[in-house]
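Chemist: Structure incoming, see below.
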Amino acid sequence: MLKKPLVALATVAVAGSLAAGSAHARDQIRIVGSSTVFPFSTAVAEEFGKTSSYKTPIVESTGSGGGLKLFCAGVGTDHPDITNASRRIKSSEIEKCAENGIDATEVKIGFDGIVMANAKSAPQLELTLQQIFLALGKQILGPDGELIDNPHQKWSDIDPSLPDTKIEVLGPPPTSGTRDAFNELAIEGGCKTFPALKAIKKEDKSRYKGICRAIREDGAYVEAGENDNLIVQKLQANPNAFGVFGYSFLAENSDTVQGSKVNGMAPTFDAISSGDYPISRSLYFYVKNQHVGAIPGIQDYVGEFTSDKAIGDFGYLSDKGLIPLPEDERASLREGVSGLKPITKADLE
Amino acid sequence: MSNPAAQQPTNWMSDDMQRRIKRRYAADTRFKFYGIGAIGLAMVILVLLLGSIIVRGIPGFMQTQINLDVYINPAKFSGIEQAATPEDAEKIIMSADYTALYRDTLRERFPEVSGRSDIVALSRLISSGGRETLRNLVLADQSVIGTTQDVWLPAAGDVHSLATGSMSRETPEGERRLKDNEISWVDQLEADGDVRTVLSNDFFTKGASREPELAGIWGAVVGSFLTLIVTLLISFPIGVATAVYLEEFAPKNRWSDLIEVNINNLAAVPSIVYGLLGLAIFLNVFHLPRSAPLVGGMTLALMTLPTIIIAARAALKAVPPSIRDAATGLGASKVQVTFHHVLPLAMPGVLTGTIIGMAQALGETAPLLMIGMVAFVVDIPGGIMDASTVLPVQIFLWADFPEKGFEEKTAAAILILLTFLILMNAIAVFLRSRFERKW
């Protein structure tokens, strides 16, 4: 007897909310995408929510690829308005977006350096991109010019000047944009220094990518998950290990870990922003033009994000570890954004 | 019949027998020690775990504040007298430059500080939440404009780390987040009694923030509450109805066996699978809003159903058949027997199972990942359709932020979640001991 009204109540509640759901208009910006941009995007969202009359946007951390997939799925309140990316949109993704009638405006917000760091209790390492490739590449050139599985077990196997310790690098898994960028900038960057390997690019591009963007899977590179704080803690516990993560985590933990010099440059704020530090990448977000005007506040949010207050040299995002764009690039960025010029495949060339 | 006299009586005093007895006692004692050892080890680990979380979490409940006499400079609110409507005045108040107000106060306080970067560093002793405190002050009462207000402003996260001792002064300056001059400013303020560390109001009343000193747990608590209400409203009636039907009414045949096996299997399905199901059905088919407690609650209800059904069936099974027989004998119909006698007697067990299922749902993040509840949500959700997050998700997100201050916030949030879990389990234990009947 007791149960019947309850069942009825639940049914009514569910049915009622279903009806309400389909008619639910959205007045809150929805953002998805890269976990690297997440700390910056959330800071802007919070500031935007506090200083404007709009609701604070909802930011989800789905990874760059996952974000673009959601973003390009369609137009309408069920789909996100903005996606963050720690890499540029791919031409296949532009196609997917176009198929669903979406024009995306690209906004480049700044740079992020990827560091290889170890505990302060161990000596700071000076590496070259080539040495990083030789330490972490899946296949390298053998003595007779043939490709062999990476035989290096210790850093000193690569170069006698490097320490006599086991190669042990903790880094993000393949789903991460940081990993994509590390593969592209560090591993491929080192790979290209071998003319024999570089030559493959002209003959067979996919084979070249298979060699020059592959990280060894024999235990020297440990996939430590997306949580960079965890990697930092593991480095403190194990002074022989190195970690791969974004510059903002190095900046926050400068009392316990140090970044290795790469090609003679230490990963500092200035070296990354000037482009001298070789492993740095651009960060982006993409705006769905069809939603501008339909969802209130998108243009103001973009305005907040691209203001000097946020991404300027002393903006609040630089406190959070974002490396700002050069001043002239910021000015042209604001100009481009206000016109909402959609990105096309030609722009990627 | 054997003759007992023919048998030698056992000589309990013989050396052999004594040795055997001793060995048996020793085995008893050893086993007892193994048991105590196992419990002891578990206790030590639990104490270490809880202890480390509590030690780390306590500063997370606190907020360091700095006392300043801020002159609410009318120049920053130009045009407010001419504002035609209250809305216009509000707009001016919303967009005023509050950083400049407390920066000016700090510069008067430390006249020796000069140079742009030093002045920026000085004003960064105050958290960006200081602007909000001042803004709320002016919003609440416009007459404060032009007066000097004695206010406690939240200090920056680094100042809080210094005040609570998690930032060591021993660390060389280059590796410290606060430089020597910044520390000297804090020390000077402290010497004047203008620095205090108090229980953080923000932590218990606000939503998420990117600044550790301003981040609050309340948004996640409300989100968890709304989600669990939805879960309970859906899974309890359906679960109990299923259990009652299967236990009391369903014919025992191959079909009911198949259903039973499936329910038991569902209880063991990894929770992320329910998240995928929720994504496919509630979001993609019904187009319910992403990140809403409604969808989260419905997804978690799917996950909790098997637990409730299994517990409810066990409770119904434990009601002795004599109760049913007696009621039937007095002329009660099958429905009357079930709802007037069997179900009320089984209720303590059913509720215990439900609460344990709810506690499970409270601690779950994986299924919520798929339906967008793993998100940065600042506004406190006002209903089951608003975007929100839940306690374990908030812990997960905070653990991932680079700022040092979030370490203690994470531990503090874990303590809050554990408190709720212990409360729920305590209620379950209470219900069991108070109302459960033994036959």
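Table: residues versus (1) over 14 Å from the mean Cα position of the chain (by Cα); (2) β-branched (Val, Ile, Thr); (3) modelled with pLDDT under 90.
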| residue | (1), (2), (3) |
| --- | --- |
| A:21 | yes, no, yes |
| A:38 | no, no, no |
| A:44 | yes, yes, no |
| A:51 | yes, yes, yes |
| A:56 | yes, yes, no |
| A:63 | no, no, yes |
| A:75 | yes, yes, no |
| A:80 | yes, no, no |
| A:83 | no, yes, no |
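Chemist: Okay, moving on. Given B:168, B:200, B:209, which one is within 11 Å of another protein chain (Cβ to nearest Cβ) and under 24 Å from the mean Cα position of the chain (by Cα)?
Modeler: Details: B:168 fails: under 24 Å from the mean Cα position of the chain (by Cα); B:200 fails: within 11 Å of another protein chain (Cβ to nearest Cβ).
Only one candidate qualifies: B:209.
Chemist: Continuing with the same structure: Exactly one of these conditions fails for residue A:50: (1) facing chain B (nearest Cβ under 10 Å); (2) under 19 Å from residue A:27 (Cα atoms); (3) in contact (Cβ under 8 Å) with a residue 24 or more places away in the chain. Give me its number.
Modeler: Exception for residue A:50: condition (3).
Chemist: Follow-up question, since we're still on this one. Quick one: would you say residue A:332 is modelled with pLDDT under 90 and assigned to a strand (DSSP E or B)?
Modeler: No; evaluated as a whole, the condition is false for this residue.
Chemist: Same structure again: I'm checking my understanding of the structure. Among residues of the stretch B:374-407 that are among the acidic types (Asp, Glu) and at the interface with chain A (Cβ under 7 Å from one of its Cβ atoms), which one is surrounded by the most Cβ atoms within 10 Å (Cβ to Cβ)?
Modeler: Looking at the filtered set, the residue picked out is B:403.
Chemist: Please count how many residues of the stretch A:115-124 are among the aliphatic types (A, V, I, L, M) and within 14 Å of chain B (Cβ to nearest Cβ).
Modeler: Residues in the stretch A:115-124 being among the aliphatic types (A, V, I, L, M) and within 14 Å of chain B (Cβ to nearest Cβ): 3 in total.
Chemist: Filter the stretch B:332-351 down to residues that are part of a helix (DSSP H, G or I), farther than 17 Å from residue B:432 by Cα and not aliphatic (A, V, I, L, M) and give me whichever is farthest from the other protein chains (Cβ to nearest Cβ).
Modeler: Here the residue is B:334.
Chemist: Further question on the same structure: Here's a check for you: in the stretch B:124-152, which residue that is within 14 Å of chain A (Cβ to nearest Cβ), in contact with a strand residue (DSSP E or B) (Cβ under 7 Å, 6 or more places away or on another chain) and assigned to a helix (DSSP H, G or I) is surrounded by the fewest Cβ atoms within 10 Å (Cβ to Cβ)?
Modeler: Out of the qualifying residues, it is B:133.
Chemist: Kindly provide the set of residues from the stretch B:267-301 that are of a type in the set (Phe, Trp, Tyr), surrounded by 18 or more Cβ atoms within 10 Å (Cβ to Cβ) and more than 23 Å from the chain's Cα centre (by Cα), ordered by number.
Modeler: B:282
Chemist: Can you tell me which residue in the stretch B:183-211 is surrounded by the most Cβ atoms within 10 Å (Cβ to Cβ), limited to those that are outside any strand (DSSP E or B) and of a type in the set (A, V, I, L, M)?
Modeler: First, the residues of the stretch B:183-211 that are outside any strand (DSSP E or B): B:183-194, B:200-211.
When the remaining residues are screened for being of a type in the set (A, V, I, L, M), the result is B:183, B:186, B:189, B:191, B:208.
Values: B:183: 17, B:186: 22, B:189: 20, B:191: 9, B:208: 27.
Across the stretch B:183-211, the extreme among qualifying residues is B:208.
Chemist: Select from the stretch A:146-178 the residues that are touching a residue at least 12 places away in the same chain (Cβ under 8 Å), β-branched (Val, Ile, Thr) and in contact with a strand residue (DSSP E or B) (Cβ under 8 Å, 6 or more places away or on another chain) and list them in ascending order.
Modeler: Of everything in the stretch A:146-178, those that are touching a residue at least 12 places away in the same chain (Cβ under 8 Å), β-branched (Val, Ile, Thr) and in contact with a strand residue (DSSP E or B) (Cβ under 8 Å, 6 or more places away or on another chain) turn out to be A:165, A:167, A:169, A:178.
Chemist: In this structure, is residue B:323 over 27 Å from residue B:257 (Cβ atoms), touching a helix residue (DSSP H, G or I) at 6+ places or on another chain (Cβ under 8 Å) and modelled with pLDDT under 95?
Modeler: The answer is no for residue B:323.
Chemist: Additional query: Among residues belonging to the stretch A:97-130 that are without any contact (Cβ under 8 Å) to a residue 60 or more places away in the chain and either of a type in the set (Asp, Glu) or not assigned by TED's automatic domain parsing to the domain that holds residue A:43 (or both), point out the one that is nearest to residue A:164 (Cα to Cα). Lay out the reasoning, then the answer.
Modeler: Filtering the stretch A:97-130 for residues without any contact (Cβ under 8 Å) to a residue 60 or more places away in the chain gives A:97-100, A:123.
Among the residues that remain, those that are also either of a type in the set (Asp, Glu) or not assigned by TED's automatic domain parsing to the domain that holds residue A:43 (or both) are: A:99, A:123.
Numbers: A:99: 55, A:123: 12 Å.
Here the residue is A:123.
Chemist: Within the stretch A:53-73, work out how many residues are within 21 Å of residue A:316 (Cα to Cα) and more than 8 Å from chain B (Cβ to nearest Cβ). Spell out how you get there, then give the answer.
Modeler: First, the residues of the stretch A:53-73 that are within 21 Å of residue A:316 (Cα to Cα): A:53-61.
In the following step, the residues that additionally are more than 8 Å from chain B (Cβ to nearest Cβ) were identified as A:54, A:57.
Residues in the stretch A:53-73 being within 21 Å of residue A:316 (Cα to Cα) and more than 8 Å from chain B (Cβ to nearest Cβ): 2 in total.
Chemist: Kindly indicate which of A:282, A:332, A:307, A:274 is surrounded by fewer than 17 Cβ atoms within 10 Å (Cβ to Cβ) and in contact with a Lys or Arg (Cβ under 6 Å, 6 or more places away or on another chain).
Modeler: Sole residue among the options that is surrounded by fewer than 17 Cβ atoms within 10 Å (Cβ to Cβ) and in contact with a Lys or Arg (Cβ under 6 Å, 6 or more places away or on another chain): A:282.
Chemist: What's the number of the condition residue B:417 fails, among (1) within 14 Å of another protein chain (Cβ to nearest Cβ); (2) under 15 Å from the mean Cα position of the chain (by Cα)?
Modeler: Going through the list (1) within 14 Å of another protein chain (Cβ to nearest Cβ); (2) under 15 Å from the mean Cα position of the chain (by Cα), residue B:417 breaks only (1).
Chemist: Sticking with this structure for a sec: Please verify whether residue B:329 is among the small types (Gly, Ala, Ser), more than 30 Å from residue A:53 (Cβ to Cβ) and either surrounded by 18 or more Cβ atoms within 10 Å (Cβ to Cβ) or within 13 Å of chain A (Cβ to nearest Cβ) (or both), treating the condition exactly as stated.
Modeler: no
Chemist: Show the residue pairs that are 6+ apart or on different chains and have beta-carbon atoms under 6 Å apart, the first residue being within the stretch A:131-142 and assigned to a loop (DSSP other than H, G, I, E, B), the second being surrounded by fewer than 24 Cβ atoms within 10 Å (Cβ to Cβ) and among the aliphatic types (A, V, I, L, M).
Modeler: Going by the 6 Å Cβ cut-off, the qualifying pairs are A:138/A:214; A:142/A:148.
Chemist: Any chance the stretch B:236-249 includes a residue that's part of a helix (DSSP H, G or I), buried (at least 21 other Cβ atoms within 10 Å of the Cβ) and outside the structural domain of residue B:411 (by TED's automatic domain parsing)?
Modeler: Checking the stretch B:236-249: not a single residue is part of a helix (DSSP H, G or I), buried (at least 21 other Cβ atoms within 10 Å of the Cβ) and outside the structural domain of residue B:411 (by TED's automatic domain parsing).
Chemist: State whether one or more residues within the stretch B:273-296 are part of a helix (DSSP H, G or I), in contact (Cβ under 8 Å) with a residue 24 or more places away in the chain and polar (S, T, N, Q).
Modeler: No: the stretch B:273-296 contains no residue that is part of a helix (DSSP H, G or I), in contact (Cβ under 8 Å) with a residue 24 or more places away in the chain and polar (S, T, N, Q).
Chemist: Would you check if there is a residue in the stretch A:234-248 being crowded, with 21+ Cβ neighbours inside 10 Å, touching an Asp or Glu at 6+ places or on another chain (Cβ under 8 Å), touching a residue at least 40 places away in the same chain (Cβ under 8 Å) and farther than 21 Å from residue A:137 by Cα?
Modeler: yes
Chemist: Identify all residues within the stretch B:375-390 that are in contact with a helix residue (DSSP H, G or I) (Cβ under 6 Å, 6 or more places away or on another chain) and more than 13 Å from residue B:227 (Cβ to Cβ); write none if there are none.
Modeler: B:376, B:378, B:380
Chemist: Confirm whether residue B:168 is in a loop (DSSP other than H, G, I, E, B), farther than 30 Å from residue A:249 by Cα and modelled with pLDDT under 85. It would help to see each step written out before you state the result.
Modeler: Numbers: in a loop (DSSP other than H, G, I, E, B): yes; farther than 30 Å from residue A:249 by Cα: no; modelled with pLDDT under 85: yes.
The answer is no for residue B:168.
Chemist: Can you tell me which residues in the stretch B:55-72 are surrounded by 15 or more Cβ atoms within 10 Å (Cβ to Cβ) and within 18 Å of the chain's Cα centre (by Cα)?
Modeler: B:56, B:57, B:59, B:60, B:61, B:62
Chemist: Which residue pairs have Cβ atoms under 7 Å apart, sit 6 or more places apart or on different chains, and have a first residue in the stretch B:190-210 that is under 16 Å from residue B:133 (Cβ atoms) and a second that is surrounded by 15 or more Cβ atoms within 10 Å (Cβ to Cβ) and of a type in the set (Ser, Thr, Tyr)?
Modeler: These pairs meet every condition: B:195/B:64.
Chemist: Follow-up. Condition first: within 14 Å of chain A (Cβ to nearest Cβ), in contact (Cβ under 8 Å) with a residue 24 or more places away in the chain and among the charged types (D, E, K, R). Can you find one or more residues in the stretch B:305-320 that meet it?
Modeler: no
Chemist: Right, something else. Would a scan of the stretch A:165-174 turn up a residue that is over 18 Å from the mean Cα position of the chain (by Cα) and in a helix (DSSP H, G or I)?
Modeler: Among the residues of the stretch A:165-174, not one is over 18 Å from the mean Cα position of the chain (by Cα) and in a helix (DSSP H, G or I), which makes the answer no.
The values are calculated or read from the model by the stated rules, or taken from the named source; none is laboratory data. A quick note: this is a predicted structure, and the numbers were derived from the prediction, not measured. All Cβ positions, glycine included, derive from the backbone under ideal geometry; neighbour counts span all protein chains shown.
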